[in-house]
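Following: one structure in structure tokens, then a few remarks.
The values are calculated or read from the model by the stated rules, or taken from the named source; none is laboratory data. Just so it is clear, the structure is predicted and the values come from calculations on it, not from any experiment. So basically every Cβ, Gly included, is an ideal-geometry build from the backbone, and we count neighbours across all protein chains shown. What goes into the accessible areas is simple: the full protein's heavy atoms, side chains included, and nothing from ligands, DNA or RNA. Shrake-Rupley method; radii C 1.70, N 1.55, O 1.52, S 1.80 Å.
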Amino acid sequence: MKVALVQADQKWEDKSANFIHYENLLSTVSGVDLILLPEMFNTSFSIKPKKLAEDFNNSKSIEWLKKQAKINNAAIYTSLIIKEDNSYFNRGVFITPNKKIHFYDKRKCFSLVKEDLFFKAGKKETIVNYLGWKINLQICYDLRFPLNVLNYIDENNQAKYDVLLYVANWPEKRIKHWNKLLIARAIENQCFVIGVNRTGIDGNQIYYCGNSMAVDGYGDEMFPLSSKEKVIIVTLKRKNLTELRKKMPFIKDQ
């Protein structure tokens, strides 16, 4: 599976400007199966849900994502602010080229900046079956909580999932944690882990240095880290996971 990591400098609370910016970045991409955009792709990370939230069933941003998935013939995963039943969610959406939507509500709201006071935490894990891969959807702060993504081998000798996806707005001042935790999640769950982070400075003058990563099941980084705005293409090979899990059956012992 070929994946495009869009490490973008997001425009602060400006949806139209972000749409145009992503379209320019995606114009250089072709032949991929999955596109990842940073957390709250259309606004940057903001705790102003009353101003920025959209209705899940009538969302211009989701319609834009559907259009991009069709144009690029690739699934897209990212998150945005959704209002539902008088509550606000930091909702991950995985949209396939045929416009099917899977969603995941961020389960760990970032209390350090009071995200938990404005957003309702999700309660359920979401694993998407796409092109024969089982993909576990996660968002930013979820990365700090390994028990939420504990992998295992089931009675049919199959792993619960193969790939962990994290879309994030992870500040530079804690970037060492991001780097190390992504590697840890890959090693302990014997899976591919992909984390997409933004670059630039947001409206609160917080600096983001990218460091988007793809890590294989051995914990090895699959490309050099970068702080620049860019699109990174990486290819995931299933046989690598199969061989690893057979050679070192660690998650089978959970």
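In a reduced charge model with +1 at each Lys and Arg Cβ and -1 at each Asp and Glu Cβ, the chain shows a dipole moment near 120 debye about its Cα centre. Summarising the strand pairing of the chain, around 65 percent of its internal DSSP beta bridges are antiparallel. May I ask for the angle, rounded to the nearest 10°, between helix 15-26 and the longest principal axis of the chain, with both axes built from Cα atoms and the value confined to 0 to 90°? Compared with the principal axis, the helix lies near 40 degrees. Restriction of the trypsin sites (Lys or Arg not before Pro) in region 210-254 to DSSP coil positions whose beta-carbon has at most 11 other beta-carbons within 10 angstrom yields Lys228, Lys237. GNM on the chain, C-alpha springs below 10 Å: top fluctuator among Gln138, Gln158, Gln190? Greatest mean-square fluctuation among the candidates belongs to Gln158. Taking only protein heavy atoms and a 1.4 Å probe, the accessible area of the chain is 49% carbon and sulfur. Over region 44-105, all Cα pairs binned in 5 Å intervals from 0 give whole-percent P(r) values of 4, 20, 29, 24, 14, 7, 2, listed from short to long.
Considering helices alone, the calculated mean residue ellipticity of the chain at 222 nm is -6500 deg cm²/dmol, with DSSP H runs of length four and up weighted by -39500 (n - 2.57) and normalised per residue. Average accessible surface for the chain: 46 Å² per residue, computed with a 1.4 Å probe over protein heavy atoms with every protein chain in place. Would you mind getting the Kirkwood hydrodynamic radius of region 131-241 from its Cα pairs, rounded to one decimal in Å? Every distinct Cα pair counted, the radius reaches 14.5 Å.
Amide H to amide H, with H built 1.01 Å from N, Ser44 comes under 5 Å of Glu13, counting only residues 5 or more places away or on other chains. So for region 1-143, considering every pair of alpha-carbon atoms, how many percent are separated by more than 26 Å? Summing the P(r) tail past 26 Å for region 1-143 gives 19 percent. For semi-axes √(5λ) of the Cα gyration tensor in Å, pick the label among (i) 27, 19, 19; (ii) 26, 23, 18; (iii) 37, 20, 19 that corresponds to the value derived from the coordinates. Checked against the structure: label (i). Taken one residue at a time, the phi angles of region 210-221 give Karplus couplings (6.51, -1.76, 1.60, θ = phi - 60°) of x, 6, 4, 9, 10, 10, 8, x, 8, x, 8, 6 Hz. Gly and Pro are set to x. For Phe110, the amide hydrogen comes within under 5 Å of the amide hydrogens of Glu115, Asp116, counting only partners 5 or more places away or on other chains and with H modelled in the peptide plane. Where in region 161-254 are there chymotrypsin sites (Phe, Trp or Tyr not before Pro) that are in a DSSP coil and have at most 14 other Cβ atoms within 10 angstrom of their Cβ? Sparse-neighbourhood loop chymotrypsin sites (Phe, Trp or Tyr not before Pro): Tyr218. Sorted largest first by accessible area at a 1.4 angstrom probe radius, with every protein chain in place, the residues Met248, Met1 fall in the order Met248, Met1. Please give the helix 60-72 orientation as an angle from the longest Cα principal axis of the chain, in degrees from 0 to 90, rounded to the nearest 10. Roughly 50 degrees, rounded to the nearest 10. A Gaussian network model of the chain, with springs between Cα atoms under 10 Å, assigns the largest mean-square fluctuation among Asn98, Asn90, Asn42 to Asn98. Compared with the dominant Cα axis of the chain, that is its longest principal axis, helix 238-247 is turned about 50°.
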